[in-house]
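Q: Quick one: the structure is below, and I'll ask about it shortly.
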Amino acid sequence: MTQVATHGVKLTDTAVSKVRSLLAGEGRDDLRLRVSVQPGGCSGLIYQLFFDEQLEEIDAIVDFDGVQVVVDPMSVPYLDGASIDFEDTIQKQGFTIDNPNAEGSCACGDSFS
């Protein structure tokens with residue numbers, strides 16, 4: 001029996017609802033939300049959130065009421081304890097990430113160190 005790795009990323013109820021809505025709009029049942037950290041941005045690292053049909057054996061997976069969130073092994077330590085929310089206000093619309101591991105971030109909010 002194979003044990004699937006998990007991660008410490010959390011999705012708020014609002015984010016789960018938005019992801020579920022976006023997935024329904026795609027009309028596919030083979031997609032998962034992938035969250036990763038890549039080199040780049042003005043602070044050194046950037047977040048990437050996208051739908052992915054690929055699942056690697058080494059990926060960490062957590063299911064949030066039917067919404068699977070996948071994180072690659074390199075990104076797991078950077079994202080441990082991070083919380084993803086979705087804001088829909090007159091000032092901002094989109095996903096936000098509150099990451100306790102980020103020592104600093106840029107004004108755009110997409111890059112951290």
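Q: Below 15 angstrom from the Cβ of A60, what's the summed charge of the other residues (Lys, Arg +1; Asp, Glu -1)? Please report the intermediate quantities before stating the final value.
A: Numbers: positive: K10, R32, R34; negative: D52, E56, E57, D59, D63, D72, D80.
Spelling it out: positives minus negatives among the neighbours equals -4.
Q: Next up: I'd like the accessible area for K10: 1.4 Å probe, protein heavy atoms, all chains in place, Å² to the nearest 10.
A: Surface open to solvent at K10 totals about 110 Å².
Q: A follow-up question, please. Determine the sum of side-chain charges near F95: Lys and Arg each +1, Asp and Glu each -1, restricted to other residues whose C-beta is under 9 angstrom from that of F95.
A: On the way: positive: K18; negative: D85, E87.
Result for the neighbourhood of F95: -1.
Q: How far apart, in nanometres, would the label points at E56 and D13 be if each is projected 7 angstrom from Cα along the Cα-to-Cβ direction?
A: 3.5 nm
Q: Quote the accessible area belonging to E53 in square angstrom, nearest 10, computed with a 1.4 Å probe and with ligands, DNA and RNA left uncounted.
A: E53 has an accessible surface of roughly 90 Å² with all protein chains in place.
Q: While we're looking at this one, here's another question. If I ignore ligands, DNA and RNA and count only protein heavy atoms, how much of F50 is accessible to a 1.4 Å probe, in Å² to the nearest 10?
A: So the heavy atoms of F50 present about 80 Å² to solvent.
Q: Going toward the positive end of the dipole of segment 1-92, with +1 on Lys and Arg Cβ and -1 on Asp and Glu Cβ, which of T6, V37, V69 do you reach last?
A: V37
Q: Given a 1.4 angstrom probe, what's the average accessible area per residue across segment 1-74, in square angstrom? Walk me through the numbers before you get to the answer.
A: On the way: 4490 Å² over 74 residues.
Using a 1.4 Å probe on heavy atoms only, each residue of segment 1-74 averages 61 Å².
The values are calculated or read from the model by the stated rules, or taken from the named source; none is laboratory data. Just so it is clear, the structure is predicted and the values come from calculations on it, not from any experiment. Methodologically, a virtual Cβ is constructed for each residue, glycine included, from the backbone with ideal geometry; neighbour enumeration extends over all protein chains shown. When the accessible area is computed, the model is the full protein with side chains, heavy atoms only, and any ligands, DNA or RNA have been set aside. Shrake-Rupley method; radii C 1.70, N 1.55, O 1.52, S 1.80 Å.
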